[in-house]
Every structure is written in structure tokens, then in C-alpha cells.
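Structure record follows, encoded as C-alpha cells.
The values are calculated or read from the model by the stated rules, or taken from the named source; none is laboratory data. The shown structure was predicted, so the numbers you read here are calculated from the model rather than taken from an experiment. Virtual Cβ from ideal backbone geometry, glycine too; neighbours counted across all protein chains shown. We work out accessible area using only protein heavy atoms, side chains counted, and drop any ligands, DNA or RNA first. Shrake-Rupley method; radii C 1.70, N 1.55, O 1.52, S 1.80 Å.
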Amino acid sequence: MRINDEYGKLPGSYLFAETARRLKVYQAEHPDADIIRLGIGDVTMPLVPAVISAMHIAVDEMGKKETFRGYGPDYGYDFLVNAIRENDYQPYGIELDYDEVFISDGAKCDVGNIQELFSPDAVIAVTDPVYPVYVDSNAMAGRAGDFLDGKWDRLVYLPCNAENGFVPELPSEHVDVLYLCYPNNPTGTVLTKAQLKVFVDWARENDALIIYDAAYKAFITETGIPHSIYEVAGAKEVAIECCSYSKTAGFTGTRCAYMIVPHEVQGLNSKGERVELNAMWKRRMSTKFNGVSYPVQRAAAAIYTPEGKKQVQEVIQAYLENARVIHDGLISRGIEVYGGINSPYIWMKVPGNMDSWTFFDRLMDKSHVVGTPGAGFGPSGEGYFRLTAFNSLEATKEAVRRFDACLL
Ligand code: PLP
């Protein structure tokens, strides 16, 4: 059996495996160290009562002959699809057809799987630093070339750094697909509607596709920041949007997300004919996916009820308060800080001329705080460090206080 050689090109240790390895070694050597984790982007607060109660009811339904359900619809139950259209899009003036919404078990799967629709030689652009799934999923499919000196030689990298205000430049060469994630992981920064329009216009003029990852849209606090790329006129012709309940409603372990594939989005086949990506995605989903379980879709729909909305908002506000504590606390310590206002992520400039892995080790050793080195998210992440707002308020405050020991 011959294997896919592209897997062999992937850089060895995944970022969080390496941070976990270093932490394990440190803890073995310092068993008494009280470590505070502001590293991995996993939520810590439990599911809200409205979600739990909807899930209980749905589980009971599955235990009765009259209400039992087998395979669900391939693209999601009506009640959830319609709740998404009515609550996540109509308030922003966006009308979606019923069959443009696809319920899935995660945005990671969606952004990882969508590349199956692209030609093997499609040119892919990513912002740098970047959520690694966009890069690795294309690398596995052979679209990234070779990994040389920390970069894939066939990918187009669009650097985002303090110098350009974390707003990427438009690609200077031909690109078929651009991945954008706003509010951004890892930088926590956002694009205004006017800034996003520049990318939509570029995609329309250049026959390019934008994969827009809005997994963190629930954290947007400022006005003028789009919650959906479709708030920009013309975006429905050039953009696919991914959203997730993971961070919105604490579903990282429960698993539910959705992707919007408008009918207007088309690609060119090798005969030069235009083909709807919506039809391709339907074909792909019905072949390779059997839907998200009924109780989980009921649980997701519960966040759109009045009490669900209120409860979920309280959790988001608590995480945003943690983000504010980190943001303000680091600024008052003279550190350059980005993100943390419309996002649970804080992206700090590493003090001095330290590289981000050295700072990771130093912060763990001097302050017993764990974060994530920026270099792990791409070459332009070097010199930066990511902290997350998903710990408790007390632990977050303590972590910020402990920064003093590391900065001395
Ligand atoms: N997209 C981004 C930018 C993320 O940061 C994450 C998770 O950290 C995901 C997608 C994955 O979301 P899900 O849990 O729905 O797979």
C-alpha cells in the first residue's frame, strides 16, 4: 500500500503538543509549582442551564418510541437551521436560503474539509500568524509544497504585525483561495467593515474565494466590526463562512458548528465552466457526513431562546472581563498588547529581544504561567506571545500579577 507522502512533509511536533511536553518536563522537575494555564484556547465554564435542559429533553425523546429519531437530515434539522438564519443573520440584514446553512460537528472539520473542493493546484493564501488547520489541511492535500525554513513554499503568507496594524496586505500574486479569521486567532485583532470590504472587492475582481472563519464573533464588543462577512455587499458571491458553538456557548466538548455556502459562490472547473460550491458541498456532506446528533442540535438551538441568549451572554462577558484584566494589566506593566477587546485572545509583544519560545520557558519558570509562543502560529508570530481569557477571574488576576517576576 502506498501512502500520501504529503503527511511526511508536515513539521513534526504540533504546537500544543510541544507546549504540553515542556510543561510536563517542568512539572516533573518542579512538582510544587502552582501553574496557571493561559495557553490552550479551550473554554472552562460549564454549559448554560438552557442548553442542558434542552439536551435532557432531547435525550428523553430518543428513549421513547413516538419521539425517537434515527439518521437526521444530512445538513441539519430545520429548527436549528432556521434559528441560525433568524438570529445570526437576519438582524444584520442578511437573508440566507435554507439550504445555504450546513450544520456540522465543528468549525475545525469544516475549515479542514472545505479544501476538498479546490483544485489540487489551487494557490492558497493565509494570514501569518494563522490558525494552523488552514495550512495543514492544504499541506496534507499537497497544495502547500514543501516546508522549508519554517514556511511552505507554495503558500502565500500575508504577514500581520504591529507595523501594519495586523491588517494584511492584499496578495500581490494570483491567489485562488484566501483564509481570513476575524476576530482573529491568535492575535485577537479585528477588521472593520471597511477593511473587510477591501478583501471582498479584491476577491470579486480576481475570481478568488474567501474562507471566512467567524468562530469568535460572539466576542465582538465594538460597533463597526462585522459579525459576518455577508454584511459587506457582494460577499455572498465570493465567501464561505464558518461559525462554531465551541467558544460562543462552551461546546468544545459537545461539538456543533455551521458553515454558510451561498448559492452565488462559484468556482471554475477544468473545462472553464462555472460550478456552484453549494452543490459540491452538499454532495460532499451527504457522502461523508451523517449529521450532528439530535440532542446536540437541540442543545445548540437552545442558545437562541431568550433565556439561552441571556445565559450565554453572561459567560461571554465573564471571559471578556478576563481578557480585559490581562489586556489592562499587561499595558500597565509597559507591555505592548493587541487583541483582548473583541476576542478572548491577547497577543503581546515579547519584551526585550527574546524569541517567543524563550519567553515561554521564562514565563513558566519565573511566573508559573503558561501561554503560547507566537512562533508556533507562523513566521510572523515570532516575537509575540498569546494569552487566553478562558481561565477563572481569580487565576487570571493572579497570572497578571505574576508577570512582574518575569519582567524583572
Ligand atoms: N476556527 C478557529 C479560528 C479556532 O480557533 C477554532 C478552535 O480553536 C476552531 C475554528 C475550531 O472550532 P470547533 O471547536 O468548532 O471545531
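Structure notes:
- Residue list for segment 238-281, restricted to those being of a type in the set (A, V, I, L, M, F, W, C), within 16 Å of the ligand (Cβ to nearest atom) and outside any strand (DSSP E or B): Ala249, Phe251, Cys256
- First in segment 345-368 and among the aliphatic types (A, V, I, L, M), second anywhere and part of a loop (DSSP other than H, G, I, E, B), Cβ under 8 Å, 6 or more apart: Ile346/Gly188; Ile346/Gly340; Ile346/Ala389; Met348/Ile335; Met348/Glu336; Val350/Gly383; Leu363/Gly371; Met364/Ile35
- The numbered conditions (1) free of Cβ contacts under 8 Å to residues at least 60 places away in the same chain; (2) surrounded by 12 or more Cβ atoms within 10 Å (Cβ to Cβ) are all true for Asn113 except (1).
- Selected residue (only one of Arg284, Arg362 is open to solvent by 10 Å² or more (accessible area, probe 1.4 Å), away from the ligand (no atom under 16 Å from the Cβ), closer than 26 Å to Arg21 by Cβ and in a helix (DSSP H, G or I)): Arg362
- Total residues in segment 204-259 satisfying the condition of being aliphatic (A, V, I, L, M) and touching a Gly at 6+ places or on another chain (Cβ under 9 Å): the figure is 3.
- Restricting Ala389, Ala300 to those that are closer than 30 Å to Gly76 by Cα, buried (at least 23 other Cβ atoms within 10 Å of the Cβ) and touching a helix residue (DSSP H, G or I) at 6+ places or on another chain (Cβ under 6 Å) reduces the list to Ala300.
- Any hit, segment 200-210, residues being in contact with a Ser or Thr (Cβ under 7 Å, 6 or more places away or on another chain) and open to solvent by 10 Å² or more (accessible area, probe 1.4 Å): no
- Note on segment 85-144: residues that are within 16 Å of the ligand (Cβ to nearest atom), part of a helix (DSSP H, G or I) and among the polar types (S, T, N, Q) amount to 4.
- Residue that is nearest to the ligand (Cβ to nearest atom) [pool: residues in segment 186-199 that are open to solvent by less than 10 Å² (accessible area, probe 1.4 Å) and over 18 Å from Pro262 (Cβ atoms)]: Pro186
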